[in-house]
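Engineer: Before I ask anything, here is the structure I am working with.
The values are calculated or read from the model by the stated rules, or taken from the named source; none is laboratory data. Computed from a prediction, not measured in an experiment: that's the story for all the values here. As a convention, Cβ positions derive from the backbone with ideal geometry for all residues, glycine included, and neighbour counts pool all protein chains shown. Surface areas here come from the heavy atoms of the whole protein model, side chains and all, with no ligands, DNA or RNA. Shrake-Rupley method; radii C 1.70, N 1.55, O 1.52, S 1.80 Å.
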Amino acid sequence: MDQSFFVKTYGCQMNQYDSEKIDELLVHNGFKKAKNLEVSDVAILNTCHIREKASEKFYSDLGRLSIFKKNKEKLGEKMQIVVMGCVAQAEGQEVIKRNKLVDYVVGPQNIQTIPKLLKIKSKAAIHTDFLCEQKFSSFPKSYLEGTSRQITIQEGCDKFCSFCVVPYTRGNEYSRSVEQIYAEAKNLVKNGALEINLLGQNVSSYKSYIFDKSKKKLVDLSKLCNILSSLPELKRIRYITSHPSDINDELILEHKNNKKLMPFLHLPVQSGSNKILKKMNRKHSKENYIDLIKKIKCEVTNMAFSSDFIVGYPGETDDDFQETLDLIDKIGFASSYSFKYSPRPGTPASLIKDRIDDSILDKRLNKIQSTLNEQQKNFNETSLGKEVDVLFTNLGKKNNQYVGRTPFLQPVHVFSSSNLVGKILKIKIERLTSFSFHGRILDS
Ligand code: SAH
Ligand code: SF4
Ligand code: F3S
């Protein structure tokens, strides 16, 4: 009988992409999907190491899962547990030391080996080489259908921010070839995608080459977006995440000239204090960031911005934190994420003794989140009463309800008796409840 599998995903969109790929790869190899982890023959946990909370969540799920495995074994049934992703890469052998019922530990650049490992039933093994090239050439053509899809265009990161594990868990920066990305995008569009989100931890430093009339030409992110926009059925292109020191003029111009490139930029700043930015090894100052945003807004007037913030980096004083609040005030973000600093094993920042008290971390997080929520509300309110283009991607929770996104990624709920999924429609925005809109289709 075919073996069944289930993948649970933690962490970022790059992990979501990898999970999708593993799903397709296993189906391609004759495995079938199970309803959940507990009933599967092969339970796969695709893990995240970015903050302590993320990796502890995985370990507690793993604890629960291994009880299921033990019970199954008592009944003479088998379960294989695969731990893949960033915790697998960072902790390797440690994962098996902490839980002996794990069968395989597979880093993010090794996931293509999973079907083979399962078939030959090799014993508990750690697979943590960085094999980006093999990874991407091993995936079968995607069969999944969907209106909004994603493509990893780049792996790894060479920035080495002092707090961050990504350069260690995903390895050096690696950009996929233009041909490979284009072929993948073409197939997604064939399967119904109207929107593609280009993924990487640092997509603004994407770099590849094409041969044009036997001349070698550099393709950066702006050029890649330009090439992809030639697919007629593709209506929206997004990318995430960019780094403030890598945004070039060409990318800004592409936003200005290419209507398929959405006017929404996630541009993490982390802190508004130059002292802290320097300690974080962020390679940009507060002024660089503000000037960049001004420059972009000057060229692309409707561009909206979101960001990531870390509060309580070691040595952050009240004044440093105030500088972050001032920066937020100055920019006005459409939405943002903020996190308490979490010391991560193996990172330079984790060695700094000067830790901030938990109670101060909580206070600062509360303050920054209420400020950012207020800004998000203000930004959303500017759309009330307006007509906006909405790409519908999902069914809503209620009968005849559909959910879509505006160009600025705001969710919109609309009732309709006909199916809206896969359509881009002009919607009149009538109401705002917490962070999502309610609207109606305009009579055409
Ligand atoms: N490549 C992106 C995102 C990296 S991870 C960038 O350059 O910004 C996503 C976010 O997690 C980061 O932007 C940062 O805000 C947060 N993060 C990363 N490491 C962290 C840590 N050790 N503690 C708290 N937040 C962290
Ligand atoms: Fe981490 Fe910095 Fe790289 Fe982003 S740019 S992934 S925060 S090291
Ligand atoms: Fe987490 Fe790895 Fe993504 S650490 S945020 S899953 S790159």
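Engineer: Enumerate by residue number the GluC sites (Glu not before Pro) in segment 1-108 meeting two conditions: DSSP loop (anything except H, G, I, E, B), and at most 16 other Cβ atoms within 10 Å of the site's Cβ.
Structural biologist: Passing both the DSSP loop test and the Cβ count: Glu38, Glu77.
Engineer: Could you work out what % of the accessible surface of segment 320-363 is carbon and sulfur, using a 1.4 angstrom probe and leaving DNA, RNA and ligands out of the count?
Structural biologist: After summing per-atom areas, the C and S share lands at 51 percent.
Engineer: Each residue of segment 424-437 in turn: what ³J(HN,Hα) in whole Hz from Karplus with 6.51, -1.76, 1.60 and θ = phi - 60°, glycine and Pro shown as x?
Structural biologist: 10, 10, 7, 10, 8, 7, 9, 9, 10, 10, 5, 10, 10, 9
Engineer: List the residues, sorted by chain then number, that are 5 or more residues from Phe139 or on another chain and whose placed amide H is less than 5 Å from its amide H.
Structural biologist: When sequence neighbours closer than 5 places are left aside, there are no close amide H contacts.
Engineer: Taking the convex hull of the alpha carbon atoms in segment 142-381, what volume per residue do you get, in Å³?
Structural biologist: Given the Cα convex hull of segment 142-381, per-residue volume reads 140 Å³.
Engineer: Using just the helices of the chain, give the 222 nm mean residue ellipticity in deg cm²/dmol: DSSP H runs with n ≥ 4 each add -39,500 (n - 2.57), and the total is spread over all residues, rounded to 500.
Structural biologist: Computed mean residue ellipticity for the chain: -11000 deg cm²/dmol.
Engineer: So, one more: Unpartnered cysteines of the chain (Cβ-Cβ under 4.7 Å counts as a partner)?
Structural biologist: That list is Cys12, Cys48, Cys86, Cys132, Cys157, Cys225, Cys298.
Engineer: Something else now. Tally Lys/Arg at +1 and Asp/Glu at -1 over every other residue whose Cβ is under 10 Å from the Cβ of Asn172; what's the total?
Structural biologist: Combined, the nearby Lys, Arg, Asp and Glu give -2.
Engineer: Answer rounded, prolate or oblate for the chain, using the Cα gyration tensor with square roots of eigenvalues a ≥ b ≥ c: rounded when a/c is under 1.5, else prolate when a/b is larger than b/c, else oblate.
Structural biologist: It comes out rounded by the Cα gyration axes.
Engineer: Relative to the compact globular guide of 2.2 N^0.38 Å, what is the alpha carbon radius of gyration of segment 387-441, as a ratio?
Structural biologist: 0.96
Engineer: Still on this model: Can you put His255, His413 in order of accessible area, largest first, using a 1.4 Å probe?
Structural biologist: Ranked list, largest accessible area first: His413, His255.
Engineer: So, counting K/R as plus one and D/E as minus one, what does the shell of residues with Cβ under 15 Å around Lys330 add up to?
Structural biologist: -2
Engineer: Show the residues, 5+ positions off or on another chain, whose built amide H is closer than 5 Å to the amide H of Met84.
Structural biologist: Answer set, sorted by chain and number: Leu45, Asn46, Thr47, Val106.
Engineer: Within 10 Å, at most 10 other Cβ atoms, and a DSSP state outside H, G, I, E, B define an exposed site. Report the longest part of the chain free of exposed trypsin sites (Lys or Arg not before Pro).
Structural biologist: 214-352
Engineer: Rounded, prolate or oblate, given the Cα gyration tensor of segment 4-133, with a/c below 1.5 counting as rounded?
Structural biologist: Rounded is the answer for segment 4-133, as its axis ratio a/c remains below 1.5.
Engineer: So what's the net charge close to Asn288: Lys and Arg +1, Asp and Glu -1, counting the other residues with Cβ under 13 Å from its Cβ?
Structural biologist: Here the charged neighbours net out to +3.
Engineer: Name the residues whose placed amide hydrogens come within less than 5 Å of the amide hydrogen of Val42, ignoring near sequence neighbours (fewer than 5 apart) on the same chain.
Structural biologist: The answer is Ser4, Phe5, Phe6, Gln80.
Engineer: Using only Cα atoms, locate the centre of segment 216-238 and the centre of segment 271-337, then give the distance between them in Å, rounded to an integer.
Structural biologist: 28
Engineer: Under the Karplus relation 6.51 cos²θ - 1.76 cosθ + 1.60, θ = phi - 60°, what is the ordered set of whole-Hz ³J(HN,Hα) values for segment 172-185, x standing for Gly and Pro?
Structural biologist: 5, 4, 9, 9, 6, 6, 4, 4, 5, 5, 4, 4, 5, 5
Engineer: Within segment 64-155, list the chymotrypsin sites (Phe, Trp or Tyr not before Pro) lying in a DSSP loop whose Cβ has at most 16 other Cβ atoms in a 10 Å radius.
Structural biologist: Tyr143
Engineer: Would you kindly state how much longer the chain becomes between Lys72 and Thr317 on full extension, computed as 0.36 nm times their sequence separation minus their alpha carbon distance, in nm to one decimal?
Structural biologist: 82.9 nm
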